[in-house]
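Worksheet for the structure shown next.
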Amino acid sequence: MTDVEPHDVPDEAVAMLQEYLEDEHTFLSWLGFTVEEFEAGRMVGTIPFDEKLTNPTEPPTVQGGVASTLIDVVGGIALRPYLADPVEDDLATINLTVNYLRPATGDLTATAEVVRAGNSVGVSAVEVESATPAGETALVAVGQGAFRLFRS
């Protein structure tokens, strides 16, 4: 597998990506997904705390699938600059590993870093943080995604 160099990410990429996700990706729009940062090899996204996404616990905790979704989405988007055409080419999740570390009780923010991007497979490592009841930020999950990179 050969390492591939990323394309530059234009300054307007965050706004363009946010608009695309809001207009074209109903599920992420419903979750309230926000693009915080996007640059070559790194992506940060947030899903706000919402009662509809919680387990029936006291205090309410965010259901683990929300963190898993974040890991999948930001891990894949982080790899887009490595595609031949970052806008038109596609990618698909091959494998997703999630380790839950503690319950999430607030907004979730995921940060993805590209581990490696080859000709056909890319790997991203992701950390998910959440606000605690004490107002601090804690690591609630870590994950890694392997993605098939479809090149034009």
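Data for the structure
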| read-out | value |
| --- | --- |
| Residue count, the stretch 138-152 (criterion: in a strand (DSSP E or B), of a type outside the set (D, E, K, R), touching a residue at least 40 places away in the same chain (Cβ under 8 Å) and more than 17 Å from Asp50 (Cβ to Cβ)) | 9 |
| Test set (1) within 14 Å of the chain's Cα centre (by Cα); (2) modelled with pLDDT of 95 or more - Gly41 fails condition number | (2) |
| Only one of Leu91, Leu31 that is modelled with pLDDT of 90 or more and under 21 Å from Ser152 (Cα atoms) | Leu91 |
| Which numbered condition Phe49 fails, given (1) of a type in the set (A, V, I, L, M, F, W, C); (2) part of a loop (DSSP other than H, G, I, E, B); (3) at pLDDT 95 or above; (4) exposed (fewer than 15 other Cβ atoms within 10 Å of the Cβ) | (4) |
| Pairs with Cβ under 6 Å, 6+ apart, first in the stretch 16-36 and within 18 Å of Asp50 (Cβ to Cβ), second acidic (Asp, Glu) | Ser29/Glu22 |
| Residue among Gly135, Gly106, Gly65 that is among the small types (Gly, Ala, Ser), free of Cβ contacts under 8 Å to residues at least 24 places away in the same chain and part of a loop (DSSP other than H, G, I, E, B) | Gly135 |
| Sole residue being in a loop (DSSP other than H, G, I, E, B) and farther than 25 Å from Val115 by Cβ, chosen from Pro56, Pro6 | Pro56 |
| The listed residue being modelled with pLDDT of 95 or more, of a type in the set (Gly, Ala, Ser) and farther than 21 Å from Gly145 by Cα, out of Gly106, Gly64 | Gly106 |
| Search result, residues across the stretch 112-132 that are touching a residue at least 60 places away in the same chain (Cβ under 8 Å), closer than 17 Å to Leu31 by Cα and not hydrophobic (A, V, I, L, M, F, W, C) | Ser130 |
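The values are calculated or read from the model by the stated rules, or taken from the named source; none is laboratory data. Remember, predicted model here, so these are calculated numbers, not experimental data. In this analysis, Cβ positions are derived from the backbone assuming ideal geometry, glycine residues included, and neighbour counts consider all displayed protein chains.
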